[in-house]
Structures are given as structure tokens and as C-alpha cells.
Amino acid sequence: MPRNRFLLFIALSLGLVVGACGGGGAGAPDAPRGRTAEGPVATVAAVRVERGTVEEAIDTFGTVEFDPHETRTVSFVKSGRVLQVLVTPGQPIVKGGALLQLGPLPSSSLEVQQARINLEFAKENLARLQRLLGSHLATNEAVQRAKMEVATAGARLASLGVDGSPEPDTIPSPFSGVVVKVLVTSGTIVHSGEDAMLVAPSNGLAVRAGFEPEDAARLEPGMQVMIEPVFRGEGEPGVAASLSQLHRVVDPSTQLVETLIRPSTIPSWMVAGSDVRIHVVLRTARDAVRIPRAALLDRSGRAGVFVISGGHARWTPVELGVTADRWVEVRRGVHAGDVVATTGRSSLSDGMAVAATLPKGAG
């Protein structure tokens, strides 16, 4: 074959191969996955707006203790020496039951010696006035007063007793309940009016709880709360209660504002010293249009959601009502049945094409 014809044959062959590889020359290429002729398609998770209850609440923890308003102090009515403490903290007691035994003061104690000196002085003063009365230098009235002073001093000394008294005195419980705290030990010298121990009725329990200062500002005495055991067993429901006292000072050790909560009833699981969970309901919206908090976005200080309709996302401002950890009440902007984006919503723009995935079982 002549050289020129051979070169022409090679050139024509290469042209045919290139044309076949070009797929038709000027034809438009296929759109890549995740795009349409209009632009990118975003894949998001979505939920359908529904109606339900939204409960705005505060949760915290507390400790069960004996109600300070129900606790009573048992005091000594006479001086003496504690011979034996018969109860321990937490022990049940019955009305009239013995709490401790009190013996007399030692004869060498300062109080006994002072009482003896007072009695001797009163007797000497009486004898002096009686002699003066015989000489008409004292009045009958003065003698009578001196006799009263002797009697008083004698009664004071008798109340103290002396070592070797036959029977010790027993301090009884004023009511049935529980020993909260014992304030003395055996061998202690005590005086009339001093405190011996604290006791409380068995049902005299309350819960002391702490709230963050910003949360405490929203609380008021009388608010209803629910008390639940931290480790709830089967058949152990919570118990309703109310905020009885609300302090307005932060506890420096916990940096919390303390409250005292009194339950309406005392369940079997509520024991002094145990930890409990506190649930305070601030506001409740029933049969409200609600959306998950995960659907909300903030744009320029305005809350809103992306409503998905016709395969596109539309930015929609909303007016919120009661808010909770999971649900948010929407008073204006969306309606029950609308579909709103959740996961992936932050990457959307108004009008963007979307492919939304609803939870299984959602229509």
C-alpha cells in the first residue's frame, strides 16, 4: 500500500475510536448521585408534628431527714449524773419508755457543795432572826421569810441527791417515735434544763433538697413535687409532696439553694438518711402541638424549624410555649401532621431539595 494511503487509513481509524469513547460528542453528562438538575439533595431525618403533653420541670436530688418542726428535745428536769443511756439513734421508742437513767450528783461536786452552803446559811439566818424576835428586834414577817429560804435551800439540796441513793431516776419518752440524736453519754454530769436527746414521731419525715440558684428563682412555697426513690424497686411508686420552705440563701458548702419538702404520706421505702429524686413541675401544656427539641434551630435570634413539603425544606419561624428536655410546645408556625427535619437540619437552606427519612411506623 502506498505510504500516503496507509497514513490516511490510520487517521480515520483513530477518529472512529475517539468518537465512540466520547459517548455522542456534545451530549450532557449524567448528574452525579445526590444531585438533581436543580441542585444538591440533602438527606435528613424527620418527624411528624404531633399533639401531646409538654411538661416543664426541674429535677434534683434530696435526702430524707426528720422534720425539724416535728422533732422534740427531751431535757433534764433535775441535775445529776447520767448512769446509763438506754437508747441509740434510729431506735424506735414508745411513749413512756425509758430513755436513760439519771443518778444523783457526786457529793464532792461543786453544785452539791454550794447547795449545802446555802442551806447552812439559811438555817443560821433563821436562828439569828428568831433570837432577835425574842428581843423585839426582828419582825414575824422577817422570820417567816427566813423559814421559806431554809425550805427552798433544803429542797434544792434534796433534788440533787447524794451518792448511794436507792433508786435512779428514769427519763421517759414523751411519745412513740424514733430517737434522732443522743446528746449525752454515761457518766456525764448534767444540770436541770440541759438537753438530753432529740426524738421525733415515726412519720415526722421531710426531704431536704438543693436547687441551682437560677432554678430556685422559679420556685415558690406550696408547689407540688414528686418524690421517688433513687433505686426504685418493684411496687415502689413515688409520693406527692409540696415545697414547704424555700431558702433564699446559697449554702456555701454545696452552692445550692436548700428547700424543705414535706410528703403527703410516708411510704415504707422512705427512711431517714436515704437519697431520693425530686421532680418539680413548673408548667404543663396539655394537648399541645409539640415537636422534639432536636428539630429547633436558632437563626438571628429567632427560633424556627425546617418544614419538609414536596421534597423541599422551608425555613419556618415558630412561637414557642412550654419547653422541656425532650419536647417543645409550638403555639404558632407549624401544625399537627407537618413534617420537620431533625438530624441534619443545620446543613439545610431555605428551598433546598431533601430526601427525608421518617421513623419506622410513621405515616
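Readers should treat all values here as calculations from the given coordinates under stated rules, not as data from a laboratory. What you see is a predicted model; the values in this text were computed from it and never measured. Neighbour counts run over all protein chains shown; Cβ positions are idealised from the backbone, glycine included.
Okay, here's what the table says:
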| read-out | value |
| --- | --- |
| The chain: angle of helix 110-134 to the longest principal axis, Cα-based, in degrees nearest 10 | 40 degrees |
| Cβ-placed point charges (K, R +1; D, E -1), dipole of the chain about Cα centre in debye, nearest 20 | 1120 debye |
| Efficiency of FRET between L320 and R72 - r from beta-carbon atoms, R0 45 angstrom, step 0.05 | 0.35 |
| On Cα atoms only, tilt of 3-21 relative to the major axis of the chain in degrees | 40 degrees |
| Label-to-label distance, nm, for residues given as K147 and E120 (7 Å Cα→Cβ offset) | 2.5 nm |
| Pairwise Cα inverse-distance average, inverted: Kirkwood Rh of the range 217-259 (Å) | 12.3 Å |
| Cleavage-rule hits (trypsin sites (Lys or Arg not before Pro)) in the range 158-223: DSSP loop, at most 14 neighbouring Cβ within 10 angstrom | R218 |
| P(r) of the range 171-301 over all Cα-Cα pairs, binned every 5 Å from zero, in whole percent | 2, 8, 13, 13, 13, 14, 12, 10, 5, 3, 2, 1, 1, 1, 0 |
| Mean residue ellipticity (222 nm) of the chain, computed from DSSP H runs ≥ 4 via -39,500 (n - 2.57), nearest 500 | -6500 deg cm²/dmol |
| Ranking of V330, V257 by count of other Cβ atoms within 10 Å, fewest first | V257, V330 |
| Inverse of mean 1/r across different Cα pairs in the range 110-160, Kirkwood, Å | 11.2 Å |
| Backbone HN-Hα couplings from phi across the range 171-179 [Karplus 6.51/-1.76/1.60, Hz, Gly and Pro as x] | 8, x, 7, x, 7, 7, x, 9, 6 |
| Cα-centre dipole for the range 258-340 with unit charges at Cβ (Lys and Arg positive, Asp and Glu negative), debye to 20 | 200 debye |
| Rounded to 10°, Cα long-axis angle of helix 140-160 versus longest principal axis of the chain | 50 degrees |
| Under-5 Å amide H pairs with V225, H placed in peptide plane, nonlocal only | A241, S242, L243 |
| Top positive-direction residue, dipole computed over the chain with Cβ charges, set Q255, A353, S274 | A353 |
| Computed over the range 110-160: relative contact order in percent, which uses C-alpha pairs under 8 Å that are six or more apart | 49 percent |
| Most positive-pole-ward Cα, L119, Q130, T152, against dipole of the range 110-160 from beta carbon charges | Q130 |
| Label-point separation, R302 to E194 (7 Å along Cα→Cβ), nm | 7.5 nm |
| Net dipole in debye of the range 110-160 [+1 Lys, Arg Cβ; -1 Asp, Glu Cβ; about Cα centre; nearest 20] | 100 debye |
| Candidates M148, M226, M352, ranked by Gaussian network fluctuation over the chain, Cα under 10 Å, top entry | M148 |
| Relative contact order %, the chain, counting alpha carbon pairs below 8 Å whose residues are six or more apart | 27 percent |
